[in-house]
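The values are calculated or read from the model by the stated rules, or taken from the named source; none is laboratory data. In this text the structure is predicted, and so the values were computed from the model without any measurement. FYI the Cβ positions are ideal-geometry reconstructions off the backbone, even for glycines, and counts take in every protein chain you see.
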């Protein structure tokens, strides 16, 4: 029997699990909670916060405090030095460096064997299973899968603890059947220097038969450009005619979609989104016609949700379980996982578009927004507006960030957009006008406060040369992989820091 037929049959068996996400989300969450609680009682952290006294979800929410990285860091540090059963039973040998987006602070997050096998790997297989179900007669196992990871540097301590990028940990522990199809080779995929890695990766995959690419959109585009440069071809379709699937996540794809279509020129290309972070794998796109993500309710993650209009960090009073969320309301995501994160505020915000099954979008970050004038502008609004403005003015955007500006003479302020264009807009004034109008459509508070320029003035735009954001990331040691530029900030320090590179 051909390899692809065997793979298709095996992966198809996972549809029972995926259908269970859709059909039994609430019972799944109860079972997950009980599993996590049972294991948590055996840990140092669990003993400190009194998990042994917890009798159910209500008791858990009433008596167990919310946490963040600072809360759990002492236990993580002890685990890194070899202490066992700090946040999850047994020894935790792998820790993922979280890319971060705002400053130089790096989080080092635990990756247990349970979370790696039953969350990250399991849900990656689920995504492929759903893809096979949505697109019949696929032959993905007959070709290569190009995985664009982050830094491959893995530090090993005397205690046998490994610390590195999540993608490096995943690549280092891939099952044999996956490793056979993955490209490039480990010695290239795990290179620490991103610029060297980009060069060698493009060279090594030129003559491969690639059918799947997975990676962050901004870095994937850089690799695709390098491949075209080395091949002398006009499109990726000429290099990899069998390419059919791009798996992306970590940032909105909307600003990049036109650039991908132009460089790929593959009319039957499929774009599938997932929500996989160092903290866990939480959602995948299960429908062809919709980018909404199916919440993965039986993957060793218990979810809670803080309404953003009541969000107060660790002091937040209102915390909902899944059965109490509502459509079109924004929530800060709280997770309890088999990696040992307990009631952990991850920093992402989500908005549900459907209940039963639960489908959602990642709408932004709890700290990445602009609310200098009461407008409550979130990343979701910005991504929709800027991508549509670009489309209407024939522009393509490589990267951008935005922050408030203040005009002391006029006693007014507004939004300052710092943009690196891949293709310049046909009319810059029209682009800015469209952006302003589209933000009004997306955000009622922005619309109200823009009225007559009384509260918020007209937006400003500064174009920066190609490579500026790349240069800023490099200056922070954040090239490649999961690293990305913060889209919205509530002050202009980061924006000015990037601007300084152009002066």
**OP:** May I ask you to list the residues in the range 440-457 that are under 16 Å from residue 388 (Cβ atoms) and in contact with a strand residue (DSSP E or B) (Cβ under 7 Å, 6 or more places away or on another chain)?
**Re:** 443, 446
**OP:** Select from the range 471-503 the residues that are crowded, with 18+ Cβ neighbours inside 10 Å and free of Cβ contacts under 8 Å to residues at least 40 places away in the same chain and write down the one among them that is farthest from residue 194 (Cα to Cα).
**Re:** 472
Original post:
Quick one: which of 202, 214 is in the same structural domain as residue 127 (by TED's automatic domain parsing) and touching a strand residue (DSSP E or B) at 6+ places or on another chain (Cβ under 6 Å)?
Top reply: 214
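Got at least one residue in the range 386-396 being without any contact (Cβ under 8 Å) to a residue 40 or more places away in the chain, touching a helix residue (DSSP H, G or I) at 6+ places or on another chain (Cβ under 9 Å) and surrounded by 20 or more Cβ atoms within 10 Å (Cβ to Cβ)?
Taking the range 386-396 as the starting set, the residues that turn out to be without any contact (Cβ under 8 Å) to a residue 40 or more places away in the chain are 394-395.
Now restrict to residues that are touching a helix residue (DSSP H, G or I) at 6+ places or on another chain (Cβ under 9 Å): 395.
Then keep just the ones that are surrounded by 20 or more Cβ atoms within 10 Å (Cβ to Cβ); that gives 395.
Among the residues of the range 386-396, at least one is without any contact (Cβ under 8 Å) to a residue 40 or more places away in the chain, touching a helix residue (DSSP H, G or I) at 6+ places or on another chain (Cβ under 9 Å) and surrounded by 20 or more Cβ atoms within 10 Å (Cβ to Cβ), which makes the answer yes.
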Subject >> Tally, over the range 154-171, of residues that are within 10 Å of residue 189 (Cα to Cα) and surrounded by fewer than 24 Cβ atoms within 10 Å (Cβ to Cβ) >> reply: 1
**OP:** Identify all residues within the range 335-348 that are in contact with a helix residue (DSSP H, G or I) (Cβ under 8 Å, 6 or more places away or on another chain), at positive phi and either without any contact (Cβ under 8 Å) to a residue 12 or more places away in the chain or part of a strand (DSSP E or B) (or both); write none if there are none.
**Re:** none
Original post:
Among the listed residues 399, 447, which satisfies the condition of being under 27 Å from residue 473 (Cβ atoms) and in contact with a helix residue (DSSP H, G or I) (Cβ under 6 Å, 6 or more places away or on another chain)?
Top reply: 399
Original post:
Quick one: residue 328 ticks every box in (1) modelled with pLDDT under 95; (2) crowded, with 17+ Cβ neighbours inside 10 Å; (3) on the phi > 0 side of the Ramachandran plot bar one, so which box is it?
Top reply: (2)
**OP:** Scan the range 29-45 and give yes if some residue there is surrounded by 13 or more Cβ atoms within 10 Å (Cβ to Cβ), touching a helix residue (DSSP H, G or I) at 6+ places or on another chain (Cβ under 7 Å), part of a loop (DSSP other than H, G, I, E, B) and in contact (Cβ under 8 Å) with a residue 12 or more places away in the chain, otherwise no.
**Re:** no
Subject >> residue 63 touching a residue at least 12 places away in the same chain (Cβ under 8 Å), surrounded by fewer than 15 Cβ atoms within 10 Å (Cβ to Cβ) and not assigned by TED's automatic domain parsing to the domain that holds residue 400 >> reply: yes
Subject >> Count of the range 206-217 residues which are surrounded by 18 or more Cβ atoms within 10 Å (Cβ to Cβ) and in contact with a helix residue (DSSP H, G or I) (Cβ under 7 Å, 6 or more places away or on another chain) >> reply: 4
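Any idea how many residues of the range 349-381 are assigned to a helix (DSSP H, G or I) and either in contact with a strand residue (DSSP E or B) (Cβ under 6 Å, 6 or more places away or on another chain) or modelled with pLDDT under 85 (or both)?
Qualifying residue count for the region: 2.
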Original post:
For the range 239-334, which strands (runs of 3 or more DSSP E) that fit wholly inside it have 1 or more residues that are more than 27 Å from residue 60 (Cβ to Cβ)?
Top reply: 245-248, 270-277, 280-285
Original post:
Quick check: anything in the range 1-10 within 24 Å of residue 305 (Cβ to Cβ) and surrounded by fewer than 15 Cβ atoms within 10 Å (Cβ to Cβ)?
Top reply: no
